[in-house]
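The values are calculated or read from the model by the stated rules, or taken from the named source; none is laboratory data. These numbers come from a predicted model, not from an experiment. Cβ: placed from backbone, ideal geometry, glycine included. Neighbour counts: every protein chain shown.
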Amino acid sequence: MPVVTLPDGKKLEFENTVTIADVAKSIGPGLLKVAVAGKINGEEADLSRTIESDCDLSIIRAQDPEGLEIIRHSTAHILAQAMKRLYPDAQLAIGPVIEDGFYYDLDYKETFSESDLDKIEAKMQEIIEEDLPVTRLTMTISQAIEFYKGINESYKVEILEGLEDADEVSFYRQGEFTDLCRGPHIPSTGAIKAFKLMKLAGAYWRGDSDRPMLQRIYGTAWQDKKALKKYLHRLEEAAKRDHRLLAKKMDLFHIQEESPGMAFWHPRGWELYRNFQLYLHGKLKKYGYQEIRTPELVDRSLWEASGHWEKFRDDMFVVESENRDYVLKPMNCPCHVQVFKQGLTSYRDLPIRLAEFGSCHRNEASGTLHGLFRVRNFVQDDAHIFCTEDQMLSEITDFIKLLQEVYTDFGFDDIIFYLSTRPEKRIGSDEVWDKAEGALAKALEANGLDYEIQPEEGAFYGPKVEFQLRDSLGRKWQCGTVQIDFFMPERLGAYYINEEGEKAYPVMIHRAIFGSLERFLGILLEEYSGNLPLWIAPTQVAVFNISDAQADYCKDVVAKLEENGLRVELDLRNEKIGYKIREHTIKRVPYLLVIGDKEMAAGEVAVRTQSGEDLGVMKLEDFVARAVKEIEVKHFAKA
């Protein structure tokens, strides 16, 4: 007679063994309709799983985050089944869930095109309408290998050969199709209510460029058609805001084949970039950071000593000169340790906060490059804090306050916090990792912040907190990080003299707010559709004359605006005023001042906003006061 305890504490007693589906039905038929799986004592399980003893149980619904993952993974299986029906000779590789969707990699002699997606979707819909029961079965590793060898699925065989320490593996069968998977899955293919295939791409098997190039099919799936429609609309809006298109319209930067993944900044774009840096300079000074500059080319030996050569060699650009290997630095941390090491440091000098806008290079695969979001050359707003263990908690707490202050200034107030814990491959003892993870957790809790755990996602030298921004379209962007490192100072011989007059190694806190200035600028452009807040816009005001008669007055207006710290562009071209307004509107200039004879005679300006709002005629000093106040409060209005 199993007793099932629900999340609200309610207990249900059954005379005989029951399935999770039976329990859901007993709670209410409406729940069973939306249920896709359950959690028995915290472990996900299929609805068909039998409950034989007392347990805690929660029902996973289609709309729940875990439910959506199950739906998407199940849809990936339906995609694979459809591909085998259409292309029996195709070999299947993997089909994982990703954010908002899934993909499946496969090997096939012919190259698929976007026009094939409709045919594949139609075959998937057939499988869904067949409402095939999805059942779980297990095999030993040797049985599973023989099974896949028998149907000529070499990629599945390779996966299984890497699992030879396991006693058995699970599979899911739907109709004639069986696929390796740990589950859980939907009870039948008919449970999929809304899906769409999105695009095609190429992907090397296991990410190795020496292995076969596979074809990847991306898709998305949702709990119902309404949710799918909302998601597709969100993608349409995101496409309109693509920062690469905005950058072209606004004349900010370009990227060309001769320097892939590296931006050529135009005057307006570089003005924006500099404004960005100047803002952060002020924040760093306020929070007690000292800014430094370190070389971009550093001998290989330093990266070997820090441990980065072993971990990140494939992502490094290496240059040979005079029989020495130099690395274009992919990160700044080892170089900051070198600055700390100069001179004798006392415990009285700590904490020492060293910040750098460090230019970094990473050899990203060409297929992953994407505007400013994935580049090969970028600037990190990087800093490292050298402190004692006693100072560690307060330093992390202060950084979190700084980060929240900065994000708020840019209009981002929806921040998600993730604590990434020790990975399997790491350096240091569990005792030290306990101490580091505990400090990060305490700092988050001290700031009243809820957070999620990301098991095994920490760096090899220490745990970290990741700060993700959620934008107005619901997209999440991983930007800031803070990491605790007990090891690098010791590895690189960086010490201070403690209160007992002995050498001691400082705690090294790695932290960044934006992560990459380039990437954050791309996020910002898309968040505002290019209509940047006045305080950060590269050009804040454009001044136009209607005829040559107002040229001198326009110059006087520009001078007064610039005296008040505004960034102004004067347009005295012999063009129609409508043409000038359209051109500067496309460039997303926040304020447009039009001056004719009437405005000149009255010492006034006619004010329009970039959005097309006519604010009427006002005294120049009144406009200046309005603009200055808007800049001071960092007012923002998102598209």
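Brief remarks follow.
- Which numbered condition Glu66 fails, given (1) under 17 Å from Leu197 (Cα atoms); (2) in a helix (DSSP H, G or I); (3) touching a residue at least 24 places away in the same chain (Cβ under 8 Å): (1)
- Every residue from the range 577-633 that is at positive phi and either surrounded by 12 or more Cβ atoms within 10 Å (Cβ to Cβ) or touching a strand residue (DSSP E or B) at 6+ places or on another chain (Cβ under 8 Å) (or both): Arg588, Gly603, Gly616
- Within the option set Thr19, Thr75, being within 30 Å of Glu176 (Cα to Cα) and in the same structural domain as Asp100 (by TED's automatic domain parsing) holds for one residue only, Thr75.
- Of all the listed residues (Leu444, Leu440, Leu449), the sole one being in the same structural domain as Gln391 (by TED's automatic domain parsing), surrounded by fewer than 17 Cβ atoms within 10 Å (Cβ to Cβ) and either within 29 Å of Phe373 (Cβ to Cβ) or charged (D, E, K, R) (or both) is Leu449.
- Within the range 147-192, considering residues that are out of contact with any helix residue (DSSP H, G or I) (no Cβ under 7 Å at 6 or more places or on another chain) and of a type in the set (Lys, Arg), the one nearest to Lys123 (Cα to Cα): Arg173
- The one condition in (1) over 19 Å from His185 (Cα atoms); (2) modelled with pLDDT under 95 that Asp100 fails to fulfil: (1)
- The listed residue being of a type in the set (D, E, K, R), in contact with a Phe, Trp or Tyr (Cβ under 9 Å, 6 or more places away or on another chain), not in a loop (DSSP other than H, G, I, E, B) and not assigned by TED's automatic domain parsing to the domain that holds Ala21, out of Asp89, Asp118, Asp105: Asp105
- Listing of strands (runs of 3 or more DSSP E) fully contained in the range 161-247 that carry 3 or more residues being over 30 Å from Asp131 (Cα atoms) and out of contact with any Cys (no Cβ under 8 Å at 6 or more places or on another chain): 194-204
Results for (1) in a loop (DSSP other than H, G, I, E, B); (2) under 21 Å from the mean Cα position of the chain (by Cα); (3) more than 26 Å from Leu354 (Cα to Cα); (4) not assigned by TED's automatic domain parsing to the domain that holds His384, shown as yes or no for each residue.
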{"position": "Arg511", "(1), (2), (3), (4)": "no, yes, no, no"}
{"position": "Gly515", "(1), (2), (3), (4)": "yes, yes, no, no"}
{"position": "Glu518", "(1), (2), (3), (4)": "no, yes, no, no"}
{"position": "Gly530", "(1), (2), (3), (4)": "yes, yes, yes, yes"}
{"position": "Trp535", "(1), (2), (3), (4)": "yes, no, yes, yes"}
{"position": "Ala551", "(1), (2), (3), (4)": "no, no, yes, yes"}
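- Hey, Arg300 over 23 Å from Phe514 (Cα atoms), in contact with an Asp or Glu (Cβ under 7 Å, 6 or more places away or on another chain), in the same structural domain as Gly428 (by TED's automatic domain parsing) and of a type outside the set (S, T, N, Q) or not: yes
- Residue match in the range 439-462 (condition: within 25 Å of Trp270 (Cα to Cα) and either without any contact (Cβ under 8 Å) to a residue 24 or more places away in the chain or not in a loop (DSSP other than H, G, I, E, B) (or both)): no
- Take the conditions (1) at pLDDT 95 or above; (2) touching a helix residue (DSSP H, G or I) at 6+ places or on another chain (Cβ under 8 Å); Glu562 misses just one of them, which is (2).
- Of note, Glu129 does not satisfy the criterion of being within 20 Å of Arg206 (Cα to Cα) and not small (Gly, Ala, Ser).
- Look at (1) of a type outside the set (A, V, I, L, M, F, W, C); (2) out of contact with any Asp or Glu (no Cβ under 9 Å at 6 or more places or on another chain); (3) not in a loop (DSSP other than H, G, I, E, B) and you find that Gln342 fails only one, number (3).
- Flag for Leu473 being modelled with pLDDT under 90, more than 24 Å from Arg376 (Cβ to Cβ) and surrounded by fewer than 23 Cβ atoms within 10 Å (Cβ to Cβ): yes
- Restricting attention to the range 581-602, the residues being free of Cβ contacts under 8 Å to residues at least 40 places away in the same chain, in contact with a Leu (Cβ under 8 Å, 6 or more places away or on another chain) and closer than 15 Å to Asn545 by Cβ number 1.
- With respect to (1) β-branched (Val, Ile, Thr); (2) at pLDDT 95 or above; (3) more than 15 Å from Ala542 (Cα to Cα), the lone exception for Val607 is condition (3).
- Qualifying position, being surrounded by 14 or more Cβ atoms within 10 Å (Cβ to Cβ) and assigned by TED's automatic domain parsing to the domain that holds Phe102, among Lys229, Lys225, Lys193, Lys149: Lys193
- Every residue from the range 60-95 that is touching a strand residue (DSSP E or B) at 6+ places or on another chain (Cβ under 7 Å) and farther than 26 Å from Thr19 by Cα: Leu79, Ala80, Gln81, Met83, Lys84, Ala90, Gln91, Leu92, Ala93, Ile94, Gly95
- Some residue of the range 97-107 being surrounded by fewer than 18 Cβ atoms within 10 Å (Cβ to Cβ) and among the hydroxyl-bearing types (Ser, Thr, Tyr): no
- Subset of the range 452-470 that is loosely packed, with under 14 Cβ neighbours inside 10 Å and not hydrophobic (A, V, I, L, M, F, W, C) - its residue that is nearest to Lys230 (Cα to Cα): Glu452
- Some residue of the range 426-436 being assigned to a strand (DSSP E or B) and either out of contact with any Leu (no Cβ under 6 Å at 6 or more places or on another chain) or aliphatic (A, V, I, L, M) (or both): no
- Looking across Asn363, Asn323, one residue alone is of a type in the set (S, T, N, Q), surrounded by fewer than 17 Cβ atoms within 10 Å (Cβ to Cβ) and in contact (Cβ under 8 Å) with a residue 40 or more places away in the chain. It is Asn363.
- Taking the range 569-639 as the region of interest, the helices (runs of 4 or more DSSP H) fully inside it that hold 3 or more residues being within 36 Å of the chain's Cα centre (by Cα) are 577-586, 620-632.
- Any hit, the range 275-283, residues being crowded, with 17+ Cβ neighbours inside 10 Å, part of a helix (DSSP H, G or I) and touching a Leu at 6+ places or on another chain (Cβ under 8 Å): yes
- Residue selection: Asp398 satisfies the criterion of being surrounded by fewer than 19 Cβ atoms within 10 Å (Cβ to Cβ) and either more than 12 Å from Pro463 (Cβ to Cβ) or assigned by TED's automatic domain parsing to the domain that holds Asn332 (or both).
- Going through (1) surrounded by fewer than 18 Cβ atoms within 10 Å (Cβ to Cβ); (2) over 19 Å from Lys84 (Cα atoms); (3) of a type outside the set (Asp, Glu) one by one, His185 falls short only on (1).
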